[in-house]
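Every read-out reported here was derived from the displayed coordinates using simple, explicitly stated rules and does not represent laboratory data. This is a predicted model, so every value here is computed, not measured. Positions of Cβ are generated from backbone atoms using ideal geometry, with glycine treated the same way; all protein chains shown enter the neighbour counts.
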């Protein structure tokens, strides 16, 4: 299992007239969580694209448990529970507010796609090797 | 069952550098689907808020089956499968491209909330009455 | 002079907690105005990119005169005042609410860029020819 | 004169199919610049709203000098050149990329509005007092 946390400050633009973060904007927060999680592993999603692999999202699930408000500093916890063995990877996300209360819980499934062929591929070897350390018995 | 369809033209702003619609933007397309579905019933979400009821999203699920591209005229199909009997309502969405191929499939669960008390409430009576016609045996 | 009008319905996502359209979202409304203005000329921005020309924005000016609210059907008026003779083009925009009151007034300057060379280029000939009719003496 | 700098990491959601940050998204970056500038003065925009004063934008100007790309860590420089004496305030923004090249230059004018009356008001006294130190002769 690999766990990572990062923070995001809620922008005015991200609120709606219900005075809370618009439900679609959590996809961006989850993106920040994934990207910083990968960076923390000494890799970067940008580098992955430069190496010819991109990761489109194939499935998204979000449960909205509490609202998030303007200017709150949210903590995005990102977890990889299983080492990807095929062409997909699942990130589990939890967003917490400053009072440590859980705001949303989500799950994002992505595919590894070879940019040149537009076909499914596997996680780049160097990322897999780093990640393996967290899943060894 | 109540079914409704509306269209949305993909904006440049909604694409990302993968040359497809960013995965988080479908939440907005689903919102357009819901809002036009309610308007089609002779009601409006705006009116509902003015009457003191708002509908925060409590659950979102999206499957991404094909990418959507810039300037495509997407069709958003919105279905209410069951007449809400409690404080929640589920909208089922399917997005199709101009070639009638399915792009995404989604499910959005919302609560009816009384703005004054911030407590769960029921679907406004006039909306329920209109909707009932589509669910009678 | 070439004038064109189109409409945009304000999405919930586009409002903020001030209960009005977030100031940055008008850039999207102006984009819709430009794109539909070009389509109305029998051309399309998408086609232009496929022909190898893209149009990045180099300057944006917006005056916010009145707020726009959720679910309002806004009219976006787009005007090309001068036939572009060099590599830039200016679109003038005015956004009106349902009461015909002006909401914002804006000006967007874009460059014609050759995608292959990434250098400035000119307006595609077929678009220019169509547009010329509106500027002849 | 009061100067402040903060950083923003470009999100995938903020890019478009031109592989650069969408022109409308700089409004959000400028918002982050303003908000962190005010926080740096020991105040916060959130607090200001809680005190009954909000700041809608009345004018926006942006020059796009270079594109910003995905995952770049942008520096947003925010400058208040003059102490507001009436109901308006102007923030000047410059956005720089990691190579210290300027990306955009902008100017945002906002009004101080009393939430209760919806009329123009003045900058809250405590913010003015803090700010005055930077403008004394």
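For region D:70-91, name all the residues that are surrounded by 19 or more Cβ atoms within 10 Å (Cβ to Cβ) and within 25 Å of residue C:30 (Cα to Cα). Matches in region D:70-91: D:70, D:76, D:91.
Inspect region A:115-126 for any residue being in contact with a strand residue (DSSP E or B) (Cβ under 8 Å, 6 or more places away or on another chain), surrounded by fewer than 19 Cβ atoms within 10 Å (Cβ to Cβ) and assigned to a strand (DSSP E or B) and give the result as yes or no. Yes, region A:115-126 contains at least one residue that is in contact with a strand residue (DSSP E or B) (Cβ under 8 Å, 6 or more places away or on another chain), surrounded by fewer than 19 Cβ atoms within 10 Å (Cβ to Cβ) and assigned to a strand (DSSP E or B). Of all residues in region A:40-48, one or more are farther than 25 Å from residue A:118 by Cβ and touching a strand residue (DSSP E or B) at 6+ places or on another chain (Cβ under 7 Å). Among residues of region D:12-55 being under 12 Å from the mean Cα position of the chain (by Cα) and under 30 Å from residue B:19 (Cβ atoms), the one that is nearest to the other protein chains (Cβ to nearest Cβ) is D:27. Test residue A:116 against the stated conditions and say whether it is more than 15 Å from the chain's Cα centre (by Cα), in contact (Cβ under 8 Å) with a residue 24 or more places away in the chain and closer than 21 Å to residue D:19 by Cβ. Judged against the criteria, residue A:116 is a match. Among the residues of region C:86-101, those identified as under 16 Å from residue C:123 (Cβ atoms) and in a loop (DSSP other than H, G, I, E, B) are C:86, C:87. Within region B:17-27, the set of residues being outside any loop (DSSP other than H, G, I, E, B) and touching a residue at least 12 places away in the same chain (Cβ under 8 Å) comprises B:21, B:23, B:26, B:27.
On inspection, residue B:43 qualifies as part of a loop (DSSP other than H, G, I, E, B), in contact (Cβ under 8 Å) with a residue 12 or more places away in the chain and in contact with a helix residue (DSSP H, G or I) (Cβ under 6 Å, 6 or more places away or on another chain).
Being part of a strand (DSSP E or B), out of contact with any helix residue (DSSP H, G or I) (no Cβ under 7 Å at 6 or more places or on another chain), surrounded by 16 or more Cβ atoms within 10 Å (Cβ to Cβ) and touching a residue at least 40 places away in the same chain (Cβ under 8 Å): is that true of residue C:110 here? It is true that residue C:110 is part of a strand (DSSP E or B), out of contact with any helix residue (DSSP H, G or I) (no Cβ under 7 Å at 6 or more places or on another chain), surrounded by 16 or more Cβ atoms within 10 Å (Cβ to Cβ) and touching a residue at least 40 places away in the same chain (Cβ under 8 Å).
Note on region C:70-85: residues that are in a loop (DSSP other than H, G, I, E, B) and either out of contact with any strand residue (DSSP E or B) (no Cβ under 9 Å at 6 or more places or on another chain) or farther than 25 Å from residue C:16 by Cα (or both) amount to 5. Picking from residues in region C:56-69 that are within 9 Å of chain D (Cβ to nearest Cβ) and part of a loop (DSSP other than H, G, I, E, B), the one that is surrounded by the most Cβ atoms within 10 Å (Cβ to Cβ) is C:67.
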